Every structure is written in structure tokens, then in C-alpha cells.
1. Once amide H atoms are placed 1.01 Å from N in the peptide plane, what residues at a sequence separation of 5 or more from VAL215, or on another chain, have their amide H within under 5 Å of its amide H?
2. Helix-only mean residue ellipticity at 222 nm, the chain, DSSP H runs n ≥ 4 weighted -39,500 (n - 2.57), per residue, nearest 500. What is it?
3. Need one number: nm distance between label points at GLU31 and ASP58, each 7 Å from Cα along Cα→Cβ, rounded to one decimal.
4. Could you pull out every residue, at least 5 positions away or on a different chain, whose amide H is within less than 5 Å of the one on SER13? Hs are placed 1.01 Å off N in the peptide plane, and Pro or chain starts have none.
5. Apply the a/c threshold of 1.5 to the C-alpha gyration tensor of the range 76-156 and tell me whether it is rounded, prolate or oblate.
6. Provide the net charge surrounding THR110, with neighbours chosen by a C-beta distance below 15 Å and charges set as Lys +1, Arg +1, Asp -1, Glu -1.
7. Give, rounded to the nearest 20 debye, the magnitude of the charge dipole that the chain has about its Cα centre when Lys and Arg contribute +1 at Cβ and Asp and Glu contribute -1 at Cβ.
8. Compute the semi-axes of the equivalent ellipsoid of the range 27-104, taking the square root of 5 times each eigenvalue of the Cα gyration tensor, and list them largest first in whole Å.
Amino acid sequence: MAMRKIGLVGGISWTSTLDYYRYINEGVNAELGGLNFAECVIDSVNFDDFRRYNAAYDWDATFVLLADAANNLKKAGATAILLCANTAHIVADRIEAAVQLPVLHITTATAAAIQQQQLKKVGLLGTCYTMELDFYKDKLKAAGIEPIIPKNQADRDYIEDTLLHELGKGIIQADTKQKYLAIIQQLIDRGAEGIILGCTEIPLLIQQADVAVPVFDTTRIHAAAAVAYAVAAPSLT
């Protein structure tokens, strides 16, 4: 059955790229049934390169790394690009312009999911770049959503460190989960009506059952947007 081919820029990190691949294939099969699964290609970059460029705030190098991967996907027949990390969307607009393919933006999809639940104020967890820079928060604000982040620098540094050295390697620790839940509770106490798991590794640690308010799993949300794109090929409408 005809569908659109999706290009995934993965490896940022590999642990969440596995989930993207699974969720997209499961989602396409749920839509089309039978033995239909996603037509997709993956270019998996070296996470250490991505980390080093980000740590130096060298967004030009980050752009080149990810744009090269996106161009490889275009050559392989992809008709849209998925950047499989929230932080990667710092350069999403530049990649879309350079590669001349639509980039399915994770924040746009997440904002739509929040709007569906009619929430106005949400807590945002993610890398230090996602929490502290404006590229993510500005898109939420444009959608009428007020994002709040952990107040304490130590808490934001803790999240960044565990994303890199635990979750990014597939390491799950019970004490790390408890610390995340304490940070989430502080956001709820400050009025957060929902919590964005704004790094694609965080859902490895935190699930909806752990939190009293709605949780927005950006990996699942982004994958669902990819599924909707894939099955909306003209021949299927």
C-alpha cells in the first residue's frame, strides 16, 4: 500500500531512536492493518559529536551534522524529515530550508497535544538547551501555552547530567526516577497543569502512571505526527 517515506535522523540518542522506529511502525500498522508497516530510512549520527557541538553552543556544527544526515535521507527517498531529539530542533528551521523537505517539528506536535487537553501552563523538562534557550519555549508561547522550568540550576544540571550519562546509554536508576519525580512535583506546586517530557529519553524513566497531571511523551507524540504524515499520501485519501 502506498505511503510517504519518512527519514529519521537518529542516534541522538540511539535509545530513543529505537522507540521512534517501534512507535512509527506500530502506528502505521494500527492505521492500515494487515502487514502494512512504515516506509522509513534512518541515518544515525554519532551522539558524541552532537553532544560536543551542543556543549560548545556551536549550532553551526550541529546544523552541518544533522543537515548532512537529512540530505542522506532525502537521497534515499524520504519525503519528510524527523529529527529524533527535542534539542535537535534548535536548527530545525535551517535544516528544512537547506534540505528543502518538510521537517515535522516536535514542538508543533507537542503544542497541539497540549491544546487538545486545553491546558495553559505546563512544566518543561529536557536538556539544559531545551529548558533554558528560547527555541522551544517560544513555539509553546505562540500556541498560548506558558512553559515553566525547574527553578534551581542544580536541578537543571542534574537532568542534563543524567540524560547524558544514564538515560542516553539506556541506564535506568530508581534513585534518578525519584529525583525526577520530586522536580516534577515542584513544577506542579508552581501551577503546572501538565508536564512535557521534553527529551526523548525521559519517557524511559517517567510514565503517565507516575504523575498526577497529564504527561506529554514527546517521543510518542512526534512518532504519531510521523504516522499521520506517512498514511496521508494522496493515493490513500
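Bear in mind these aren't lab numbers, they're just calculated from the coordinates by the rules spelled out. The model shown is predicted, which means the values in this text are computed figures rather than measured ones. Virtual Cβ from ideal backbone geometry, glycine too; neighbours counted across all protein chains shown.
1. For VAL215, the qualifying residues are ILE195.
2. -16000 deg cm²/dmol
3. That separation, rounded to one decimal, is 3.8 nm.
4. Amide H neighbours of SER13, under 5 Å, 5+ apart: none.
5. Verdict is oblate for the range 76-156.
6. Details: positive: LYS120, LYS121, LYS137, LYS139, LYS141, ARG220; negative: ASP138, GLU146, GLU193, ASP217.
Local charge sum for THR110: +2.
7. Numbers: 20 positive and 27 negative charges, 90 e Å.
Around 440 debye, computed over the chain.
8. Working: eigenvalues 141, 36, 23 Å².
For the range 27-104, the ellipsoid semi-axes come out as 27, 13, 11 Å.
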